[in-house]
Amino acid sequence: MSNDYSHFQRYLAAKKSVDDRALNAHVWQRLQHELALRHPTATAPLRVIEIGGGIGTMIEHILERTLLTQAHYLLVDEVAGNIADARRRLPVWA
């Protein structure tokens with residue numbers, strides 16, 4: 001039996017604008033502050049693993065805010081269609 005997750009993927013994409021407004025500004029500021037504290041001479045990119053990453057809207061938020069300048073970002077999701085959708089949404093980064 002095959003599962004069709006396309007409705008769920010459309011839902012995740014549609015709620016991104018709601019998520020944009022709901023994300024806590026203080027948390028984003030703190031993340032920006034903590035990332036700035038990384039040793040300035042660090043040569044290795046930051047490694048991030050997002051578990052349950054869906055269609056990639058969180059990394060979209062991070063990229064829109066220019067929080068990561070050097071990073072290896074691994075998005076993991078159990079639904080292959082979500083990963084495929086993330087690749088379509090973020091072709092430059094996929």
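Here, each number is a calculation from the coordinates, and none is a lab measurement. It should be emphasised that the depicted structure is a prediction, and the values quoted were computed from it without experimental measurement. Cβ atoms come from the backbone with ideal geometry, glycine included; neighbour counts cover every protein chain shown.
With the crude spin-label approximation of a point 7 Å out along Cα→Cβ, what separation in nm comes out for Leu31 versus Lys15?
Between Leu31 and Lys15, the simple spin-label model gives 1.7 nm.
How large is the convex hull of the Cα atoms of the stretch 6-89 per residue, expressed in Å³ as a whole number?
Given the Cα convex hull of the stretch 6-89, per-residue volume reads 95 Å³.
List the residues, sorted by chain then number, that are 5 or more residues from Glu50 or on another chain and whose placed amide H is less than 5 Å from its amide H.
Leu74, Leu75, Val76
Tabulate in residue order the Karplus-calculated ³J(HN,Hα) for the stretch 65-81, using 6.51 cos²θ - 1.76 cosθ + 1.60 with θ = phi - 60°, rounded to whole Hz; enter x for Gly and Pro.
Each residue's phi maps through the Karplus curve to give 8, 6, 7, 10, 9, 9, 7, 10, 10, 10, 9, 10, 8, 6, 9, 4, x Hz.
In whole Hz and in residue order, list the ³J(HN,Hα) couplings for the stretch 54-59 that follow from phi through the Karplus curve 6.51 cos²θ - 1.76 cosθ + 1.60, θ = phi - 60°; x for Gly and Pro.
x, 9, x, 5, 5, 5
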